[in-house]
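J.: Let me begin by handing over the structure; questions about it come next.
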Amino acid sequence: MTTADVAQKVVEYNRANKIKEVYAEFYSPDVVSVEAMPGPLQEVRGMDGIQKKMEWWEANNEIHGVEVSEPLVSDSHFAVVYTMDVTNKEMNMRTKSAELAVYEVKDGKVVREQFFYSMG
């Protein structure tokens, strides 16, 4: 698969809320995932690390809706903007926010993802 193919599938699956399928089909087992927020899950490696991030996210947030932009694709990278409507369970605060996700693709699989968002 080309970078453009992977980008379209990642967007398609995310729009259909097929998050686990995205990881299973389009991610390298050795993927690196980097968050903007400091902490123990700021950078994780492998599918075990991704699973821990997913578990943390689901335990701490209620998702009301997510909009996924069309991907912007270059040779080995693509970027997507996620606009989210989320309630933080601990603070019981609902917010709308956007994050930029930049993905690196090698041999038809995502090998790195990095997220950028405002923490202020």
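None of the figures in this text is laboratory data; all of them are computed from the coordinates on show. Predicted model, so just to flag it, every value in this text is computed and none were measured. Note that each Cβ is placed from the backbone with ideal geometry, even for glycine, and that neighbours are counted across all protein chains shown.
J.: Over 22 Å between C-alpha atoms is what I'm after, so list which of 52/96; 20/109; 53/89; 89/109 land there.
T.: 52/96; 89/109, as the Cα separations exceed 22 Å there.
J.: From zero outward in steps of 10 Å, how is the percent of C-alpha pairs of the chain spread across the bins?
T.: 13, 46, 35, 6, 0
J.: Using alpha-carbon positions, what is the distance between the centroids of the range 61-112 and the range 8-33, in Å?
T.: The distance from the Cα centre of the range 61-112 to that of the range 8-33 comes to 11 Å.
J.: Size of the dipole of the range 3-116 about the Cα centre, Lys and Arg at +1 and Asp and Glu at -1 on the beta carbon, nothing else charged, in debye to 20?
T.: That gives a dipole near 160 debye.
J.: What aspartates and glutamates sit close enough to residue 106 to cross-link, taking a C-alpha to C-alpha distance under 17 Å and skipping anything fewer than 8 places away on the same chain?
T.: 5, 25, 30, 75
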